[in-house]
Amino acid sequence: MSIRIINGQILRSGTNRAEMGSLTVDKGLIAEESAANEQVIDAQGLLVAPGIIDLGVFATDKPAFRFGGITRAALMPDQSPVHDDPATIRFAALKGKPDFWVHPLAAATQALNGQHMAEIALMKEAGAIGVATGRKWICDSGVMLRIMQYCAALNLPVFVHSEDAGITGDAVATSGPTATLLGLPAAPAMAEAAAIARDLLLAEQSGAHVHFRQVTTAKGLDMIAKAKRDGARVTCGITPAHLFLSDNAVSDFRTFARLSPPLRSEEDRQACLSAIADGTIDVIASGHNPRGPEDKRLPFSEAAPGMAGAETLLALSLNLVRDGHIDIGHLFRLLSSNPAEILGLNAGSIETGKEADLIFVDVDAPWQVDSTKMAAFAGNTPFDKLPVQGRVRKMMKGGKVID
């Protein structure tokens, strides 16, 4: 059915701000303007933006995704069972359809053990559109090089976790005054830079597209920026937690702030904000990893890392626009079009021929984050009780309105 969206603040591809206008959707795609429309949707002045593509979630959590305006998500292989064979990949890809699409990432190694390369080609045939090392860094450089070479030949991006396990050990926090005061096992922030340095060399050798899923330190970001200037096929991401919280947030042993990688110093946080503004960081993702009381109501060192981030991703990220770090066009490149480009999807932007995955956003609508009322499987958010602005009022997936 052809649909005409009117009275919307349309955020079109290649623009830095939204403009009042109309938009045509035909056969599930963004179309040229046409007079022969069968249905009219009045956007009532809301921002009409591309649906968010969440790059690297740990659970298929449709209610949380719907609340947060996420129309597609790349699912990490850290599942039970691990997504290291074609059957699990095929099953994962069917989970959310038709109103939400899951794009599974294949495990780089069998059982994510970091030792033996998984059947990547077979998983690509089954629907995997990327390969990931999971929550861990692969220590064996020979194994990692072979994975990258194989993925380069298959034109698959490689998603890597960047913490040198030999340095981090059993650490649960970043070395510094906060960890010392609390007596927490800690590791220096340079563990991230050490892992990035090795994987940048392997990326150069293999020619693979490597996506550093979370880069959270000034040294790591400097390396990424230099590699980009030198022409390397690398991209990187971050979560709102590492943009808006420092390691002070773990004071009082707050397990909802136990993350992987751990929260960093205020100096590193400021470097991350600068890297958002200058384009070093390509993606903002939720890191959605809902954890129940059995995982979080434990001593800090024993609690599982992770946060429920899908519902707060958009509202928190809009603060970057309000604070003047970036404009709204740049924000949705970070949330939508860049993730789509990394995954090779015909989505993520409002331009003719792209999938009509759209969200209608009231950018000024106030609400309060409440861990007890979240739509996610669990409400383990470090932003509990924070007042925010920005609500998704309507969503379209492939031209169909999602209730």
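Bear in mind these aren't lab numbers, they're just calculated from the coordinates by the rules spelled out. Note that this is a predicted model, so its numbers are computed, not measured. Note: ideal-geometry Cβ built from the backbone for every residue, glycine included; neighbour counts use all protein chains shown.
When the GluC sites (Glu not before Pro) in the range 17-75 are filtered for DSSP coil states and for at most 15 other beta-carbon atoms within 10 Å of their beta-carbon, the remaining sites are 32, 33, 38.
Using square roots of five times the C-alpha gyration tensor eigenvalues, list the equivalent-ellipsoid semi-axes of the range 316-394 in whole Å, biggest first. Each step should come with its number before you reach the end.
On the way: eigenvalues 133, 51, 32 Å².
Working through the eigenvalues yields semi-axes of 26, 16, 13 Å.
Kirkwood Rh over Cα pairs of the range 261-396 into Stokes-Einstein at 4 °C, 1.567 mPa s: D in µm²/s? For the chosen part, D equals 78 µm²/s.
DSSP beta bridges fully contained in the range 1-129 are about 40 percent antiparallel.
Take each of the peptides 53-60, 179-186, 120-127, average the number of other beta-carbon atoms within 10 Å over its residues, and list them starting from the highest.
On the way: 53-60: 24.6, 179-186: 15.1, 120-127: 18.4.
Result, highest mean Cβ count within 10 Å first: 53-60, 120-127, 179-186.
Which value at 222 nm does the chain reach when only helices count, each DSSP H run of 4 or more adding -39,500 (n - 2.57), with the total divided by all residues and rounded to the nearest 500 deg cm²/dmol? Before the final figure, lay out each step's value.
Working: 14 runs with 119 residues, N = 403.
Taken over the chain, the calculation gives -8000 deg cm²/dmol.
At a 10 angstrom cut-off on C-beta neighbours, averaged per residue, how do the peptides 43-50, 230-237 rank from highest to lowest? Walk me through the intermediate numbers first.
Working: 43-50: 21.4, 230-237: 18.9.
So the peptides 43-50, 230-237, ranked by packing, come out 43-50, 230-237.
Looking at this model, which pairs from 219/373; 62/228; 136/228; 27/373; 228/394; 27/228 are more than 32 angstrom apart at the alpha-carbon? Where the Cα-Cα span goes over 32 Å, the pairs concerned are 219/373; 62/228; 27/373; 228/394; 27/228. The value given for the chain is a Kirkwood hydrodynamic radius of 21.3 Å, derived from the mean inverse Cα-Cα separation.
Per residue, the convex hull spanned by the Cα atoms of the range 167-227 amounts to 81 cubic angstrom.
According to the square roots a ≥ b ≥ c of the eigenvalues of the Cα gyration tensor, what is the shape class of the range 43-191, taking rounded for a/c under 1.5, prolate for a/b larger than b/c otherwise, and oblate for the remainder? The partial results should precede the final answer.
Working: a/c = 2.25, a/b = 1.19, b/c = 1.89.
Oblate is the answer for the range 43-191, as a/c is 1.5 or above yet b/c matches or exceeds a/b.
The equivalent ellipsoid of the range 27-86 has semi-axes of 34, 15, 9 Å, largest first, where each one is the square root of 5 times an eigenvalue of the Cα gyration tensor. Label-to-label distance, residue 180 versus residue 368, with points set 7 angstrom from Cα along the beta-carbon direction: 3.7 nm.
Name the residue farthest towards the positive end of the dipole of the chain from the options 162, 381, 231, assuming +1 on Cβ of Lys and Arg, -1 on Cβ of Asp and Glu, about the Cα centre. My answer, from the dipole projection, is 381. Sorted largest first, the spans of the alpha carbon positions of the range 218-277 along the three principal axes are 44, 18, 16 Å.
Each DSSP beta bridge with both residues in the chain is either parallel or antiparallel, and the antiparallel ones are about 45%.
Our note on the geometry: Cα centres of the range 181-248 and the range 48-71, 24 Å apart. Taken as Cα centroids, the range 249-283 and the range 368-403 sit 21 Å apart, rounded to the nearest whole angstrom. Legend: ranking of residues 325, 211 from fewest to most surrounding C-beta atoms inside 10 Å; resulting order 325, 211.
Cβ crowding within 10 Å, taken as a proxy for footprinting-reagent exposure, orders 263, 313 from fewest neighbours to most as 263, 313.
For a quick check: sort 190, 223 by the number of other beta carbons within 10 angstrom, fewest at the front.
On the way: 190 15, 223 23.
Lowest count first: 190, 223.
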